[in-house]
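This report refers to the structure that appears directly beneath it.
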Amino acid sequence: MAQEEVGLDNIVRHRIRGLRLARGWSLDALAARCHLSPSNLSRIETGHRRIALDQLVGIARALDTTLDQLVESADDEDVVIRPEPCHTQGMTSWLLSNERSLHGVTVAKLRITPDRPTGTEHLKVHPGREWFTVLSGTARLQLGERTIMIQAGNAAEFSTMTPHSVGAHDGPVELLIILDHNGERTHLPSAGRTPKP
């Protein structure tokens, strides 16, 4: 347990120094922003002083980050995502981001086949914006009254307040898509899904 605390302590110190340097700030500049002396901040960064919670809160605020982000685990489990396929008629999806994704977005890979249901009754509307890029095939984006063909290597971004749907044109299409919370709820099968064997 004590070794885990020392490991996390070192990670936090590296994060503070790394964020400070990424902003191009000297010790003096960050110290002034978080109301510490430059020598105290230097000792915190080098491990010669324990970090008090009130100091950590001030440092996080000065670095424009959160306390949670400064102290989050650096476990390898947080790095590797092993997506499981989820099948619905004409579409297979793989979630490529975990539940704690930054900025509340979900990244998914979709494989859509021509047998996915289409038509005006399948157009969706929700707040926000969507973005996708076509990895292979040709996507057919229905955006209100317009039909737009998007070839492999191209991307699309649009307001989701316009009725929309994405389908496959002349064979399967694979997409990499970024959805906000509303888009995820509208377009992807529920989070409690079970993958099909």
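The values are calculated or read from the model by the stated rules, or taken from the named source; none is laboratory data. Quick caveat, the model's predicted, so the values are computed rather than measured. Cβ sites come from the backbone with ideal geometry, for glycine too, and all protein chains shown count toward neighbours.
Odds and ends about this structure:
- Yes/no for residue 30 being surrounded by fewer than 14 Cβ atoms within 10 Å (Cβ to Cβ), within 21 Å of residue 72 (Cβ to Cβ) and either acidic (Asp, Glu) or in the same structural domain as residue 72 (by TED's automatic domain parsing) (or both): no
- Filter result for the condition that a residue is of a type in the set (A, V, I, L, M, F, W, C) and closer than 23 Å to residue 184 by Cα, over 96, 56, 36, 41: 96
- Restricting attention to the stretch 159-170, the residues that are more than 21 Å from residue 93 (Cβ to Cβ) and hydroxyl-bearing (Ser, Thr, Tyr) total 2.
- Of the residues making up the stretch 112-144, those that are among the basic types (Lys, Arg) and closer than 16 Å to residue 179 by Cβ number 2.
- Qualifying position, being at pLDDT below 90 and either polar (S, T, N, Q) or within 17 Å of residue 166 (Cα to Cα) (or both), among 122, 87: 122
- Test: residue in the stretch 133-155 that is within 17 Å of residue 106 (Cα to Cα), loosely packed, with under 13 Cβ neighbours inside 10 Å and not hydrophobic (A, V, I, L, M, F, W, C): no
A quick yes/no check of all residues on (1) of a type outside the set (A, V, I, L, M); (2) assigned to a loop (DSSP other than H, G, I, E, B); (3) closer than 21 Å to residue 89 by Cα:
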{"residue": "115", "(1), (2), (3)": "yes, yes, yes"}
{"residue": "118", "(1), (2), (3)": "yes, yes, yes"}
{"residue": "121", "(1), (2), (3)": "yes, no, yes"}
{"residue": "127", "(1), (2), (3)": "yes, yes, no"}
{"residue": "132", "(1), (2), (3)": "yes, no, yes"}
{"residue": "139", "(1), (2), (3)": "no, no, yes"}
{"residue": "149", "(1), (2), (3)": "no, no, no"}
{"residue": "157", "(1), (2), (3)": "yes, no, no"}
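Quick grid of which residues meet (1) at pLDDT 85 or above; (2) hydrophobic (A, V, I, L, M, F, W, C); (3) farther than 30 Å from residue 72 by Cβ:
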residue: 92; (1), (2), (3): yes, no, yes
residue: 108; (1), (2), (3): yes, yes, no
residue: 111; (1), (2), (3): yes, no, yes
residue: 127; (1), (2), (3): yes, no, no
residue: 136; (1), (2), (3): yes, no, yes
residue: 142; (1), (2), (3): yes, no, yes
